[in-house]
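The values are calculated or read from the model by the stated rules, or taken from the named source; none is laboratory data. It should be emphasised that the depicted structure is a prediction, and the values quoted were computed from it without experimental measurement. Because the Cβ atoms are built from the backbone with ideal geometry, glycine has one as well, and the counts that use them run over all protein chains shown. When the accessible area is computed, the model is the full protein with side chains, heavy atoms only, and any ligands, DNA or RNA have been set aside. Shrake-Rupley method; radii C 1.70, N 1.55, O 1.52, S 1.80 Å.
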Amino acid sequence: EVDLDLLEEEADLSGRYQYLLECRRTSTRPSLPALMQLSSAMLLLPHFGILPGDCGPLAAGIYCNESLTHINISDNNVGEDAAVYFARAVAAHSSIREVRMRGVGA
């Protein structure tokens, strides 16, 4: 488990701090692969088994990440409502060049 106190909110441009904070707030277990990928320019989680409850924290991390250029969350059956979280997070960034969300609806 990652200690939230080790990350400083002000210095975190990757969205990792916000992701962990939102996981704590919603009692969602953090995903280590998602956490690690929030530190890179690509968030690649197709066929990852993302559940509807995982979407809020992950979208919060995406929203706060200033360096993401590619996102692929295809084929995770999160439902249409949860997919809206991702769409709003992605819309906040001009750096994102490619988004794949095929098969995320219910």
Number of the exception - Ser14 against (1) surrounded by fewer than 12 Cβ atoms within 10 Å (Cβ to Cβ); (2) of a type in the set (S, T, N, Q); (3) under 12 Å from the mean Cα position of the chain (by Cα): (1)
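In region 61-99, which residues are open to solvent by 20 Å² or more (accessible area, probe 1.4 Å) and touching a Phe, Trp or Tyr at 6+ places or on another chain (Cβ under 6 Å)? Don't jump to the end; show me each part of the working.
Narrowing region 61-99 to residues open to solvent by 20 Å² or more (accessible area, probe 1.4 Å): 63-64, 66-67, 69-70, 72, 75, 77, 80-81, 84-85, 87-88, 90-99.
Result: Ala92, single match.
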Residue count for region 30-56, restricted to those that are polar (S, T, N, Q), open to solvent by less than 60 Å² (accessible area, probe 1.4 Å) and closer than 17 Å to Ile96 by Cβ: 2
